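K.L.:
Structure in structure tokens, see below.
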């Protein structure tokens, strides 16, 4: 499977850290970021999985549940704002 390159943006301080790490590890910035992201995701896999499952549990196929998930608003708050028609 061919992989496409997708640019990411980081602030200047982070870019400097990446540059220094790449230099001293004799690696490319791309490789440093790749390894760092993979390690981060591996270290937070349980949190990510829990959040994904929680999100799926809240979705019942309705517009209201999708808006709740996106906005973080409760059902009561949405109802106060006018709610959704069935």
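The values are calculated or read from the model by the stated rules, or taken from the named source; none is laboratory data. A quick note: this is a predicted structure, and the numbers were derived from the prediction, not measured. Here the Cβ is made from the backbone with ideal geometry for all residues, glycine too, and neighbour counts use every protein chain on show.
K.L.:
Quick one: what pairs do we get from region 67-86, first residue farther than 23 Å from residue 56 by Cβ, second at pLDDT 85 or above and in a loop (DSSP other than H, G, I, E, B), C-beta under 9 Å, 6+ apart or different chains?
P.N.:
If the second residue must be at pLDDT 85 or above and in a loop (DSSP other than H, G, I, E, B), the pairs left are 81/73.
K.L.:
Right, another one. Out of region 24-42, which residues are exposed (fewer than 10 other Cβ atoms within 10 Å of the Cβ) and within 30 Å of residue 66 (Cβ to Cβ)?
P.N.:
Once the filter is applied, which keeps residues that are exposed (fewer than 10 other Cβ atoms within 10 Å of the Cβ) and within 30 Å of residue 66 (Cβ to Cβ), region 24-42 yields only 42.
K.L.:
Another question, if that's okay. Could you tell me whether residue 21 is under 22 Å from the mean Cα position of the chain (by Cα) and surrounded by 12 or more Cβ atoms within 10 Å (Cβ to Cβ)?
P.N.:
no
K.L.:
To continue, here is another question. Given the condition at negative phi and within 14 Å of the chain's Cα centre (by Cα), answer yes or no: does some residue in region 73-83 qualify?
P.N.:
No, there is no match, as no residue in region 73-83 is at negative phi and within 14 Å of the chain's Cα centre (by Cα).
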